[in-house]
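The structure under discussion appears below in the form of structure tokens.
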Amino acid sequence: MEVHPFILEESHRGNLEELLLQLSKKKRNINLTVYPNVHCVGAFDNEKLVGFAQLFILPKTTFKIGQLEDVIVHTGCRGQGIGTKILNEVISIAKREGCAVINLTTRPERKEAWTLFESSGFIAPGNQALRLILES
Ligand SMILES: CC(C)(COP(=O)(O)OP(=O)(O)OC[C@H]1O[C@@H](n2cnc3c(N)ncnc32)[C@H](O)[C@@H]1OP(=O)(O)O)[C@@H](O)C(=O)NCCC(=O)NCCS
């Protein structure tokens with residue numbers, strides 16, 4: 001198993017669709033556009049994408065924020081430290097890019113995710129996240 005940054009390409013679409021369906025039952029279109037401020041980290045079992053996360057670098061006027069999205073490990077590969085390796089890679093990218101913080105949101109019922117994020121040093125900062133849903 002290898003965990004490293006990668007450029008999302010057409011060849012990953014099928015594996016990523018399968019992974020994202022394990023995160024949310026709703027099938028979403030996958031945008032393969034490469035943006036300079038978006039970093040993908042993948043876990044690969046041979047060529048197969050079995051773990052994923054996306055880090056968005058948001059430059060504010062005062063400091064850079066990393067926004068972490070879609071952290072997911074395939075159901076057949078969980079509990080082997082892959083999620084931890086993905087987060088370690090994400091954290092090193094964020095540090096290299098000069099981010100002061102990494103933000104993420106997760107639902108209270110996602111127990112494994114809470115364990116993973118807390119054991120990697122994430123804390124609940126106390127301020128509430130608000131969301132305006134523009135598209136559902
Ligand atoms: C959260 C997730 C990415 C963890 O991936 P993983 O590869 O299993 O994680 P790891 O093997 O590195 O384990 C990380 C921590 O989670 C704990 N963990 C793993 N499986 C667990 C389980 N079934 N129940 C409770 N804790 C669990 C491990 O003990 C470890 O904690 P530790 O470092 O304190 O020992 C994976 O469970 C997943 O994809 N869940 C569904 C998607 C999701 O909720 N993503 C977050 C959305 S914001």
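No lab work stands behind these numbers, since they all come straight from the coordinates. Nothing here was measured: the structure is a model prediction, and the numbers come from that model. Positions of Cβ are backbone-derived with ideal geometry, glycine not excepted, and every protein chain shown enters the neighbour counts.
Summary table below
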item: Phi to ³J(HN,Hα) by Karplus 6.51 cos²θ - 1.76 cosθ + 1.60 over segment 104-113, Hz, x for Gly, Pro; result: 7, 10, 8, 7, x, 7, 7, 4, 4, 5
item: Cα Rg, Dmax, the chain, angstrom units; result: 14.8, 42
item: Loop-located chymotrypsin sites (Phe, Trp or Tyr not before Pro) in segment 1-65, at most 11 other Cβ atoms within 10 Å (DSSP); result: F63
item: Cα centroid separation, segment 115-132 to segment 32-98 (Å); result: 16 Å
item: Difference of contour (0.36 nm per residue) and Cα-Cα distance, K25 to A100; result: 23.7 nm
item: Average Cα contact separation per residue, segment 1-118, under 8 Å, 6 or more apart, as relative contact order %; result: 24 percent
item: Length released on extending from E135 to Y35, taking residue separation times 0.36 nm less the Cα-Cα span; result: 33.9 nm
item: Inter-probe distance in nm under a simple model that places probes 7 Å from Cα toward Cβ, at H4 and N46; result: 1.8 nm
item: Where GluC sites (Glu not before Pro) fall in DSSP loop in segment 40-129, at most 16 other Cβ within 10 Å; result: E47, E97, E109
item: Full-stretch length increase - Q54, S92 - with 0.36 nm per residue and alpha-carbon distance subtracted; result: 12.4 nm
item: Global geometry of segment 16-76, whether rounded, prolate or oblate, following the gyration tensor of its Cα atoms and the 1.5 cut on a/c; result: prolate
item: Which listed pairs, of K27/K85; K27/K64; K27/K60; K27/K111; K26/K64; K60/K111, have C-alpha distances above 28 Å, in listed order; result: K27/K64; K27/K60; K26/K64; K60/K111
item: Filtered trypsin sites (Lys or Arg not before Pro), segment 48-85: DSSP coil and at most 15 other beta carbons within 10 Å; result: K60
item: Whole-Hz ³J(HN,Hα) from phi, Karplus 6.51 cos²θ - 1.76 cosθ + 1.60, for segment 84-89, glycine and proline x; result: 5, 5, 4, 5, 4, 5
